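**Student:** The structure under discussion is supplied below as structure tokens; questions concerning it will follow.
The values are calculated or read from the model by the stated rules, or taken from the named source; none is laboratory data. Since the model is a prediction, treat every value here as computed from it, not as a measurement. Neighbour counts are summed over all protein chains in view; Cβ atoms, including those assigned to glycine, are modelled from backbone coordinates with ideal geometry. Keep in mind that these areas ignore ligands, DNA and RNA; they rest on the heavy atoms of the full protein, side chains included. Shrake-Rupley method; radii C 1.70, N 1.55, O 1.52, S 1.80 Å.
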Amino acid sequence: MSTYYLTTPIYYVTAKPHLGHAYTTIIGDALARWHRLLGDDVHFLTGTDEHGQKVLDYAEAAGKSAQAFVDEIAPLYEQAWRRLNISNDDFIRTTEARHKLGVGELLQRCYDAGDIELDLYKGKYCVACEEYYTDDELDPGDLCKIHKRPVVYSEEENYFFRLSRFEQRLLDWYAAHPGAIVPEFRSNEALGLIRGGLRDFSVSRTSLKWGIPLPWDAKHVAYVWFDALANYITAIGFGSGDETEFKKWWPARHLIGKDIIRHHCVYWPAMLISAGIEPPAGYAVGGWLLSDGEKMSKTSGNVINPLDLIDDIGLDGFRYYVLAETAYGQDGDFTYEGLIARYNSDLANNLGNLLSRVATVVDKKCKGISPAPRADSPLAAAAATAYAATAEGWDAVQPSRALDATWQLIRATNAYLEANEPWKGEPGPAVDAVMGDALEALRIIAILASPAVPATSQIVWQRLGLSGDVTDQRLPAAAQWGGYPGGLPVVKGDPLFPRR
Ligand code: MSP
């Protein structure tokens, strides 16, 4: 069994989760679920990023201590992920003891390797990014390009990570690991950053108190990105004294947004190499989900709460939209009209309609008991093609492509029913043959769609009279044509997705 360790970025606990956070987390969840279907031993991690100036500023504005503030916000993420049916195996908070231990160990290793040194820093800092910028990286008037807010000048003694020493080692590593960053055009972006020349970056602050102290100089706390990136190893026991889990799972595959490529694809592997740890196995870089053409953020005031959308359209309607609407890697634009249009076309008219037709005809013409599929069904080839293309889509971290391939089988099955019109035929072998084929297609569809719409897939599974859990099926065997036994009671239930 191969291990598959997948992570999302850890989210700043400055505010409750919004659609942009839900987006990356749902992509991760669907991928984790797909790999569990493949029989991989999956470990799916998400969590919260709780240190740094930005969090401290929000806590102060709320009139709370930093700890009290993060203790209030972090559970909102855990709760939101439960409601979104996110199947994470662990949730890391950077204020946890296990994390602090591991960060200390990572820092110490880089320090001992001679890659962290003391220096004086003078520069302009964007608090919202938690990042120093040079003049040419800023908009006129010293505004941060992302937040359009003024940066602050700061001058202090900092420890620096000697990133400049890692240029060639990083280029060599990427050359030896083609495809480590998908999609391809994001890979070019990361390599461009490295080829453009690497500057040392500051890894500590003396002015900031809300963070993890450096093990060898407690006046300094670790730069929030050094602290945050380490979550991917501290969560699996790095620095805890027992490295069994760490050895089992590392290296991870990271899901990240396009705004954090530099930290993940440049800083992070260099930090790991310095500490004698293998770089991550790969990265899938997503674009932003925009609302009103802008990145959703509390600062921009265009925040959409994912939980409101679930109340409105239902859990799986929302999950499906997020996964199917945008090609991963590109920016997507969230619109309410788009959400409703997807829901009506793909869920109500295609999947929902297929199940309800099949259950109705089996009820009327087959006494509610399922006929078995034919080995030589005309739908068998469509099912094989759909499986192959679905697998290819998930493998490339292109959920929209994977789902389109699965939905091809739904469309093919609906077309097959329309061509044969079993609802018009007399009960008997001809109708049974068509219905057995349609039921078998639905069984395969339920499995292939389950990473995106797990609750719905389980309902389809049960209505087909199948026992157990759809998520316990194992691919590729479970997608082989002919697995549906026949002779099962088919349940006619409420519409899965009432039209909107
Ligand atoms: N805390 C850092 C990440 C540390 S990871 C070691 C951070 N947090 S964040 O909450 O601001 O953003 C986390 C991720 O969510 C980023 O990858 C970011 O791209 C993604 N998104 C935040 N808003 C988003 C959208 N509107 N759309 C898509 N993704 C968005 O950065």
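**Student:** Under the definition of Cα pairs under 8 Å and six or more residues apart, what whole-number percent is the relative contact order of the chain?
**Tutor:** In percent, rounded to a whole number, it is 16.
**Student:** Expressed as a whole number of Å, what is the distance separating the alpha-carbon centroids of the stretch 72-107 and the stretch 115-150?
**Tutor:** 28 Å
**Student:** State the cysteines of the chain left without a partner when partners are defined as other cysteines whose beta carbon lies under 4.7 Å away.
**Tutor:** When partners are defined as cysteine Cβ atoms under 4.7 Å apart, the chain leaves CYS110, CYS265, CYS366 without one.
**Student:** Using only Cα atoms and rounding to the nearest 10 degrees, what angle (0 to 90) does helix 379-395 make with the longest principal axis of the chain?
**Tutor:** 10 degrees
**Student:** Checking the cross-link filter: which aspartates and glutamates have an alpha carbon closer than 20 Å to that of LYS247, excluding same-chain neighbours under 8 positions apart?
**Tutor:** ASP40, ASP41, ASP89, ASP90, GLU105, GLU278
**Student:** Taking the alpha-carbon centroid of each part, what is the distance from the stretch 435-449 to the stretch 273-294 in angstrom?
**Tutor:** The stretch 435-449 and the stretch 273-294 have Cα centres separated by 36 Å.
**Student:** For LYS64, give me every one of the aspartates and glutamates with a C-alpha distance below 20 angstrom, ignoring sequence neighbours fewer than eight places off in its own chain.
**Tutor:** Answer for LYS64, where 20 Å is the Cα cut-off: ASP49, GLU50, GLU72, GLU96, listed by chain and number.
**Student:** Residues of the stretch 83-182: accessible area per residue at 1.4 Å, in Å²?
**Tutor:** Normalised by residue count, the accessible surface of the stretch 83-182 is 49 Å².
**Student:** Another question, if that's okay. Which lysines, if any, have their Cα less than 26 Å from the Cα of LYS122, not counting same-chain residues under 8 positions apart?
**Tutor:** In chain and number order, the partners are LYS54, LYS145, LYS148, LYS209, LYS219.
**Student:** Send over a whole-number figure in Å² for the accessible area per residue of the stretch 248-396, probe 1.4 Å.
**Tutor:** Value for the stretch 248-396: 36 Å² per residue.
**Student:** Continuing with the same structure: With no solvent and one equal point scatterer placed on each C-alpha of the chain, evaluate the Debye formula and give log10 I(q)/I(0) for q = 0.09 Å⁻¹, two decimals.
**Tutor:** The calculated log intensity ratios at q = 0.09 Å⁻¹ are -0.67.
**Student:** Another question, if that's okay. Could you check how much of the accessible area of the chain is carbon and sulfur, as a whole percent, using a 1.4 Å probe?
**Tutor:** 52 percent
**Student:** If you take every DSSP beta bridge whose two residues both sit in the chain, what share of them, in percent to the nearest 5, is antiparallel?
**Tutor:** Expressed as a percentage, antiparallel bridges in the chain total about 50.
**Student:** Taking square-rooted eigenvalues a ≥ b ≥ c of the alpha carbon gyration tensor, is the stretch 450-500 rounded, prolate or oblate, where a/c under 1.5 means rounded and, failing that, a/b exceeding b/c means prolate?
**Tutor:** In terms of gyration-tensor shape, oblate.
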